[in-house]
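The values are calculated or read from the model by the stated rules, or taken from the named source; none is laboratory data. What you are looking at is a predicted structure, and each value in this text was computed from that prediction instead of being measured. Every residue, glycine as well, gets a Cβ built from its backbone with ideal geometry; the counts of neighbours run over all protein chains shown. Side chains are part of the model used for accessible areas, which takes the heavy atoms of the whole protein and leaves out ligands, DNA and RNA. Shrake-Rupley method; radii C 1.70, N 1.55, O 1.52, S 1.80 Å.
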Amino acid sequence: MSSNVKKKGSAQQTTGSPEARYLLLLPVLFVVAVLPLIVRYHEYPTKLENYTWFAAQEKADDYFLYWKQQWFIIMLILMVCIVAVRSILMKKQLSFHKIFIPIFVYAALAFLSTIFSKYRSYGFIGIFQQFESVWVLLGYAVIVYYIYLMVETEKDVSLILNALLCSAIFLGLLGVSQAFGKDFWLTSAGLSLIYPANMKGAGIQAVFGEKRVYMSLYNPNYVGVYTALVVPVFITLLSFCRNWKKIVLYLVAISGILVGMFGSQSKAGLVGIAAAACFLIIMLRKYLFRRWYIPVGGAIIIICGFLIINAVNHNAYLESILSLFRDTKTEEPALSEIQTLDDCVEITYKGNKMRVSANLDEDSFEFLIKDQEDKIIECDFNTETLTWSVIDERFSGIIITPVNLNGVLGFSVVIDGKSWYFANQLYENDDSYYYWNIYGKFDKIVMDEPAFRGIENFATNRGFIWAHTIPLLKKYIFLGAGAESFVFVYPQRDYVNLYNYGYGQQLLTKPHNLYLQIAVQTGVVSLIAFLVFYLIYFISGIRLYFKCNFDTPLSQAGVGIMAGTFGYMIMGLTNDSCITVAPVYWVLLGLGVTINFLVKKQKTI
C-alpha cells in the first residue's frame, strides 16, 4: 500500500506547527465531540401536507436533527476550503490511495441519484424526521479523505480520540440523568439551551416515556448504535492505559454510556457490543490471556450496570431481552386485504371475500353485501343504530354503519374492533370507492406484495419493513431514488398491512436497516461500493493486527477503532444511518484507515 501513498506523513514526521495542526483538525474535533451534543429547537415546513399518506401538517418541530445537519454542512464547507487553500495557494500536493476509489464512487452515485430523483428538492435540504441530505452523504466521504490528508502523527490521533472521550462523558452523564428520571433537557438549564429566549417556558416532550434514555441522539435506538461504536474503542484503550487519570476518565465514559444503553432498552445495542467484544477477544487474545482481570473487570461493570438500570426500570430491560428468544413467527392476520374498487369495497377476511357497495343519501341508506360467488350475505339490520351486522359465520362480527366523514356521506366497516371508513361520493363522474385514512384524507388502498411472509414480527416488527423494502431494490440498481426519498417510494398506501403489523398510526420514513437504506436511496451499486471500502479497510486491518504485539499507541487505537466500526456495521442490520451518530462513525472510519497506513509505515521503517 505504501507505494501508492504520495508524501503521506509518518508518526515521526509532521507538516506545520502543533497549533496549526490543531486548527486543521478543528472541523473533525467539532464533528466528533460537539455535533452529537447539539439539541436546539427548530420549526420547519414539512412540505408533505399534500400527500394523502401524511397529515395536513404544514409545519413541524425538530430538536435533534436539523441543527446537527446544518453544523455538519458548515464543517464540510470548512474542510473543503482548508484543502483548497492548502492545495492551490500553499501548493500542498494531495495524497491519494486507491482504497478511496469505492467511497468516492459511493458519494458520486449518491449525488447523481439525488440529481435525477423526482424528490430532489427534499434530498438537497433534508426531510421530516430525517435531515440527512445529500450534502451530508457527500460529507461522509469528504471527512474520511480529509482525515487521511490531515492526520499525520500519534498526537493527531490522540487529539481526536480525546475529543471523542470528552463527548462520550457528557453523553454518559445525560444518559444517567435520564435513566434515573432526572432528564437534564427538562431542567431550566436544559430548556434554556434548547429554546430561544422568546420561547421561555416551552417544554420538550419525553416521547419515549419516563426514564427511557435518548441522551441527545433523538431516539433510544441510536443510543445503542453509539454504544456499540464508541465503547469498544474506549475498552481497548483502557486495556493498554497506564495513566491513572486517563483510566478514570475511560471508566467514567464507559460506565455512563453503558448505563445509558441499558436505560434506552436497546436490544440491538447489546448485540453490537457482543459482536465487537468477540472481535476484540480474537484480536487481543494473547494480551488478554496474560491480563485476565481486564475482561473480567469489564464483565463485572457491564453486569452491575445492567442490574442497577433493570431494577430502576422495574425489570423492563430484562423483559426486553427475553423477548428476543420468544417465538417471533408471525400468524396470518384475519384481515388480509382490502381493495377500494370502482364498484365496491372488497374485503378478504379469513380467506373469504366480501364485497360491499353503497347507495347513500340524506334520506336513505342502502348496502349491497355479497360474497366472492356473488351471493347475498345475510345481515341483521338494527333500525335504532342503523347498523348492518353480518350473520354469515365466515364474516362473523363485521358491522357496517353509515357515517358522515367530514361532510361526506360514507360508511364504516368494523372488523375485529377496528373501524375502516369508505366513501364513493367524492368527485363528479367518479363513483369509485376511497378509504378515509387516519389523517382525515381520502385515498386508494394499494396493497403491496412483500418479499417474504411469516417473520414480519422479527426484530420488533422490522421484518415487516424489510419484507416490503426488498422488492424496491430491483428498481434502483444503478441509481437510487435519491437522498431522503425512502418515505416516498415505500408503500405507504398499503394501509391494511401497516395496521396488521403495528404501523397503522405512524409514518415509515426509514427502513431500519443501513444497507437497505443505502440501496434504495443511492442505489445497489453504491451499497456495493460502500461495502467494498469497508471490507478493504477491515481485511487489511486484520492482516495488520492479527499477530500484532500492540506495543504502540497507534496499533492499540487502530484495533479499537476496528472493533467499534465492526459493532456499528452489525448494528446497521437493524438500524439506519442518522445524523446523530453516523458522523462519528465516519470520523472513526477515516481515522481507522489512516492509522492503518501509519502503523504499516512504522513497521516498514
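The residues of region 550-586 that are more than 29 Å from Asn219 (Cα to Cα) and not in a helix (DSSP H, G or I), listed by number, are Phe550, Asp551, Thr552. Residue-level check: of (1) at pLDDT 95 or above; (2) among the small types (Gly, Ala, Ser); (3) part of a helix (DSSP H, G or I), Ser117 misses just (3).
Note on region 189-213: residues that are more than 20 Å from Asn310 (Cβ to Cβ), open to solvent by less than 30 Å² (accessible area, probe 1.4 Å) and at pLDDT 70 or above total 3.
Take region 371-404 and flag every residue that is open to solvent by less than 50 Å² (accessible area, probe 1.4 Å), in contact (Cβ under 8 Å) with a residue 12 or more places away in the chain and assigned to a strand (DSSP E or B). Within region 371-404, Asp371, Cys379, Thr387, Trp388, Val390, Ile400, Thr401, Pro402, Val403 qualify. Out of curiosity, is Arg40 in a helix (DSSP H, G or I) and either of a type in the set (D, E, K, R) or touching a Gly at 6+ places or on another chain (Cβ under 9 Å) (or both)? So Arg40 does not fit the description; no. Within region 504-544, being in a loop (DSSP other than H, G, I, E, B), open to solvent by less than 20 Å² (accessible area, probe 1.4 Å) and within 20 Å of Ile455 (Cβ to Cβ) holds for Leu508, Pro511, Asn513. Scanning region 109-123 for residues that are open to solvent by less than 50 Å² (accessible area, probe 1.4 Å) and of a type in the set (A, V, I, L, M, F, W, C) turns up Leu109, Ala110.
The set of residues in region 450-482 that are part of a loop (DSSP other than H, G, I, E, B), modelled with pLDDT under 95 and open to solvent by 40 Å² or more (accessible area, probe 1.4 Å) comprises Ala451, Phe452, Arg453, Ile455, Asn457. Out of region 566-576, which residues are of a type in the set (Ser, Thr, Tyr) and more than 24 Å from Leu25 (Cβ to Cβ)? Selection gives Thr574 alone.
To keep it simple, each residue is scored yes or no on (1) assigned to a helix (DSSP H, G or I); (2) open to solvent by 40 Å² or more (accessible area, probe 1.4 Å).
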| position | (1), (2) |
| --- | --- |
| Gln69 | yes, no |
| Leu78 | yes, yes |
| Ile88 | yes, yes |
| Leu94 | no, yes |
| Ile103 | yes, no |
| Ala107 | yes, no |
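At least 1 residues being among the polar types (S, T, N, Q), under 14 Å from Val496 (Cβ atoms) and open to solvent by 10 Å² or more (accessible area, probe 1.4 Å) is the threshold, and among the strands (runs of 3 or more DSSP E) wholly inside region 405-444 those reaching it are 418-423. Selection over region 353-370 of residues that are surrounded by 16 or more Cβ atoms within 10 Å (Cβ to Cβ) and of a type in the set (Ser, Thr, Tyr) gives a count of 1.
Selection of first residues in region 459-477 that are of a type in the set (S, T, N, Q) and of second residues that are open to solvent by less than 40 Å² (accessible area, probe 1.4 Å), restricted to Cβ pairs under 7 Å at least 6 apart or on distinct chains, gives the following pairs, ordered by first then second residue: Asn461/Tyr501; Thr469/Tyr490; Thr469/Pro511; Thr469/Leu516; Thr469/Val520. Residue count for region 551-567 satisfying the condition of being open to solvent by less than 10 Å² (accessible area, probe 1.4 Å) and not small (Gly, Ala, Ser): 5. Mind checking which residues of region 34-45 are under 15 Å from Cys166 (Cβ atoms) and open to solvent by 20 Å² or more (accessible area, probe 1.4 Å)? Val34, Leu37, Ile38, listed by residue number.
Only one of the numbered conditions (1) in contact (Cβ under 8 Å) with a residue 12 or more places away in the chain; (2) in a loop (DSSP other than H, G, I, E, B); (3) open to solvent by 10 Å² or more (accessible area, probe 1.4 Å) is violated by Lys547, and that is (1). Is it true that some residue in region 130-150 is out of contact with any Gly (no Cβ under 8 Å at 6 or more places or on another chain), surrounded by fewer than 18 Cβ atoms within 10 Å (Cβ to Cβ) and either over 27 Å from Ile438 (Cβ atoms) or modelled with pLDDT under 95 (or both)? No, region 130-150 has no match at all.
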